[in-house]
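Notes for the one structure printed next.
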Amino acid sequence: MKTLGFIINPVAGMGGAVGLKGTDGIDILNKAIRLGAKPIAPERAEIFLQELNNLMPNVKLLVGGGIMGENEIKKIGFNHTIYGERKKSTTSEDTIKLASILAKSDLDLLVFCGGDGTARDIQKVVNLSIPVLGVPTGVKMHSGVFAVNPQAAANIAAKFLRGNLPVKETEIMDVDEKAFRNGRLSAHLYGYVLSPYEPLLLQGNKMGSPITESELRNQAAISVYVIENMIDNILYIIGPGTTTRTITDLLDANKTLLGVDLFYNKKNVAQDVNEEKILAAIAKKKAKIIVTPIGGQGFVFGRGNQQISSAVIKAVGLENIIVVSSKSKLSGLKHLRVDTGDQKLDGLFRANNLKVITDYGIEHTVKVE
């Protein structure tokens, strides 16, 4: 029987929908809770466990007590052993302590539910000693250790435990959250872990756009085309990214580079909004969403723009989504990806694909995986 270690960071991702761009630290977590944030990691952990149970029920799990894994594992019925205390709340120190305990056990694979901060905590004690896989439940997920969604993580885990996948050294990246909230992206490499290698189901590392004259001209051409086709009295929900910011620069309007802003009649009417503010705004107006994929990963929803939630997308409608991407960015992507947390909505994206504006008057239909 194969043995899998399993750790849930129960607060991972809570800062996303409320626009806090992460939940590292107790002060930010408390702020997220005051803003109405709800835990998302337990639900996504349960999706992973249910899918793993469907694929490979005869695996033993070593899990954290209470909200760090025990609660979800008992719903599925795996053979399991519990480590650590049952706490009402946890910190990064609890993740590090549990990872250290599990690292000394005879594990075949360690799976965690969290974001880049959780990945850093685990890397500190595991390094290259045990293969590690991340179930994406955070806000910041720049590291290559994450599967594209919980179902994909279960598929990777099952394939690896059956001996059908190799391992590869994978970068653990994280950003400075304080700088991130102030509109500056400062990412650092913190180390490496071994991960099961399945390129179709792993998200890969985030890649920035090249700063070249041709790239800037391409972004400007895209932006002019989008602006010329903007409709009066429509609310535009504009997501983060350099390409989307070029649109607002040409409108002579300041936009948060890493946040979500609202534009109405080509003017910025709200900056760095969260899910609640977006839903309130679109309840009174027709709306469209403008987003750009993440370079190297291809995500248009579910990474770094969780404020544009599944509820927002369904209220706006798939037909009112505008995707923009420079030609160089799109050339590095085999397909686009979505991970909204709503499996039915993700299925609709995959069934319909997305049109992507890549230059002035030029659109391409791109497959969504």
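The values are calculated or read from the model by the stated rules, or taken from the named source; none is laboratory data. The structure presented is a predicted model; accordingly, all values stated were derived computationally and were not measured. Ideal geometry is used to build each Cβ from the backbone, glycine not excepted, and the neighbour counts take in all protein chains shown.
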(message) For the list (1) surrounded by 14 or more Cβ atoms within 10 Å (Cβ to Cβ); (2) modelled with pLDDT of 90 or more, I need the number of the one condition that Gly163 fails.
(response) (1)
(request) Give the residue, chosen from Lys97, Lys87, Lys31, that is at pLDDT below 90, assigned to a helix (DSSP H, G or I) and basic (Lys, Arg). (result) Lys31
(message) Go through (1) in contact with a His (Cβ under 9 Å, 6 or more places away or on another chain); (2) on the phi < 0 side of the Ramachandran plot for Gly69 and report which single condition fails.
(response) (2)
(message) Here's a check for you: in the range 335-369, which residue that is touching an Asp or Glu at 6+ places or on another chain (Cβ under 8 Å) and surrounded by fewer than 20 Cβ atoms within 10 Å (Cβ to Cβ) is nearest to Ile211 (Cα to Cα)?
(response) His335
(message) Quick check on the range 215-238: of everything there that is modelled with pLDDT of 95 or more and not hydrophobic (A, V, I, L, M, F, W, C), which residue is nearest to Gln307 (Cα to Cα)?
(response) Tyr236
(message) Looking only at the range 240-257, how many residues end up being surrounded by 21 or more Cβ atoms within 10 Å (Cβ to Cβ) and touching a residue at least 60 places away in the same chain (Cβ under 8 Å)?
(response) 4
(request) Give just the number: which of (1) free of Cβ contacts under 8 Å to residues at least 24 places away in the same chain; (2) part of a loop (DSSP other than H, G, I, E, B); (3) of a type in the set (Ser, Thr, Tyr) does Thr81 not satisfy? (result) (2)
(message) Given the criteria over 25 Å from Ser326 (Cα atoms), in contact with a Leu (Cβ under 6 Å, 6 or more places away or on another chain) and either in the same structural domain as Val324 (by TED's automatic domain parsing) or not polar (S, T, N, Q) (or both), does Ala280 qualify?
(response) no
(request) Give Lys124, Lys31 a once-over and let me know the one that is surrounded by fewer than 17 Cβ atoms within 10 Å (Cβ to Cβ), farther than 23 Å from Gly15 by Cα and outside the structural domain of Glu276 (by TED's automatic domain parsing). (result) Lys124
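Yes or no, residue by residue, for (1) crowded, with 24+ Cβ neighbours inside 10 Å; (2) out of contact with any Ser or Thr (no Cβ under 6 Å at 6 or more places or on another chain); (3) more than 20 Å from Val356 (Cα to Cα):
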residue	(1), (2), (3)
Ala270	no, yes, yes
Glu275	no, no, yes
Ala280	no, yes, yes
Lys285	no, yes, yes
Val291	yes, yes, no
Gly298	yes, yes, no
Val316	no, yes, no
Ser331	no, yes, no
(message) I'd like to verify a number: residues in the range 231-249 that are part of a loop (DSSP other than H, G, I, E, B) and either out of contact with any helix residue (DSSP H, G or I) (no Cβ under 9 Å at 6 or more places or on another chain) or of a type in the set (Phe, Trp, Tyr) (or both), how many?
(response) 6
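Restricting attention to helices (runs of 4 or more DSSP H) lying wholly within the range 103-181, give those where 2 or more residues are more than 26 Å from Met56 (Cα to Cα) and in contact with a strand residue (DSSP E or B) (Cβ under 9 Å, 6 or more places away or on another chain).
The qualifying helices (runs of 4 or more DSSP H) are 116-126.
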(message) If the requirement is being touching a strand residue (DSSP E or B) at 6+ places or on another chain (Cβ under 7 Å) and assigned to a helix (DSSP H, G or I), which of these qualifies: Ile227, Ile222?
(response) Ile222
(message) Every residue in the range 299-315 that is among the basic types (Lys, Arg) and at pLDDT 95 or above, please.
(response) Lys314
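Per-residue answers, yes or no, for (1) at negative phi; (2) in contact with a strand residue (DSSP E or B) (Cβ under 6 Å, 6 or more places away or on another chain); (3) at pLDDT below 90; (4) not charged (D, E, K, R):
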site	(1), (2), (3), (4)
Tyr197	yes, yes, no, yes
Ser209	yes, no, yes, yes
Glu213	yes, no, yes, no
Tyr264	yes, yes, no, yes
Ala270	yes, yes, no, yes
Ile290	yes, yes, no, yes
Gln297	yes, no, yes, yes
